[in-house]
1. Quick one: how many residues across the range 149-180 are closer than 14 Å to Val124 by Cα and either out of contact with any helix residue (DSSP H, G or I) (no Cβ under 9 Å at 6 or more places or on another chain) or among the small types (Gly, Ala, Ser) (or both)?
2. Please find, among Val102, Val180, Val124, the residue that is in a loop (DSSP other than H, G, I, E, B) and surrounded by 15 or more Cβ atoms within 10 Å (Cβ to Cβ).
3. Would you tally the residues in the range 126-180 being free of Cβ contacts under 8 Å to residues at least 12 places away in the same chain and among the basic types (Lys, Arg)?
4. Just to be sure I understand the filter: pairs with C-beta atoms under 6 Å, separated by 6 or more residues or on different chains, first member in the range 47-72 and modelled with pLDDT of 95 or more, second member part of a helix (DSSP H, G or I) and of a type outside the set (A, V, I, L, M). Which pairs pass?
5. Name the one entry in Ala119, Ala104 that is among the hydrophobic types (A, V, I, L, M, F, W, C) and under 18 Å from Met152 (Cβ atoms).
6. Six or more apart or on different chains, Cβ under 8 Å: which pairs go from a residue in the range 82-110 that's at pLDDT 95 or above to one that's among the aromatic types (Phe, Trp, Tyr)? Could you list them?
7. Considering the range 130-177 alone, what residues qualify as being within 14 Å of the chain's Cα centre (by Cα), of a type in the set (D, E, K, R) and not in a strand (DSSP E or B)?
Amino acid sequence: MSEPIIRLLTERDGGVLILTMDQPARRNALAMPIRFALIEALRAAQGDKTVRAVVLTGAGGHFCSGGDISGMDVSTALDGRERMRLSHELVRLMVLGSKPVVAAIEGFCVGAGLSLACASDTIVAAEDARLGAGFGKIGLMADLGLPHTLPMRVGQGKARQILLYHGQMTATEAERIGLV
């Protein structure tokens, strides 16, 4: 069986750089190749004076269905640390970069997808958006900065509910609590 195509599409609209995670067969699960490509694109955007803002979105009607757990197997502790180093670099580029990042969400935005959205400066959501953490459902801790960025958006109490109870919310609910 052939490997799925995993790519990051880039497009310019004037001063806006649009980054589209494109792996619709997996609802744009955040695979390592996408992480690498996002880091490269965000680094390039930081050095490009013609880029005024970045929009991060997903192809095929979904933002991101979370981390691609099929690629999370690591053979050594160093492999795991490198994976985390890259993930942290991605979040740092989004949070600390000089270009505002807008997460444009439709469909699923869960797990690592929610982490990416919360690391953005602004989140806009289509009416069909479904947002949630869900890490605990698969035995993982929230990562990519979500334990820090989510409470900043919705407060400690609501963030705990989102992280611990694993439910999904609609765009309307997310707007009501100040997430989008």
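The values are calculated or read from the model by the stated rules, or taken from the named source; none is laboratory data. Everything numeric in this text was worked out from a predicted model, so none of it was measured. Cβ: placed from backbone, ideal geometry, glycine included. Neighbour counts: every protein chain shown.
1. Total meeting the criteria: 8.
2. Going through Val102, Val180, Val124 in turn, just one is in a loop (DSSP other than H, G, I, E, B) and surrounded by 15 or more Cβ atoms within 10 Å (Cβ to Cβ): Val180.
3. 2
4. These pairs meet every condition: Ala59/Pro24; Gly60/Pro24; Phe63/Gly113; Cys64/Gly113.
5. On the way: Ala104 fails: under 18 Å from Met152 (Cβ atoms).
Checking each option against the conditions leaves just Ala119.
6. Final answer for the pair search is Ala103/Phe63; Ala104/Phe63; Ile105/Phe63; Glu106/Phe63; Gly107/Phe63; Phe108/Phe63; Cys109/Phe63.
7. Asp143
Residue-by-condition table, conditions (1) of a type in the set (Phe, Trp, Tyr); (2) closer than 17 Å to Ser115 by Cβ; (3) not in a helix (DSSP H, G or I):
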position: Pro33; (1), (2), (3): no, no, no
position: Glu40; (1), (2), (3): no, no, no
position: Ala44; (1), (2), (3): no, no, no
position: Thr50; (1), (2), (3): no, no, yes
position: Thr57; (1), (2), (3): no, yes, yes
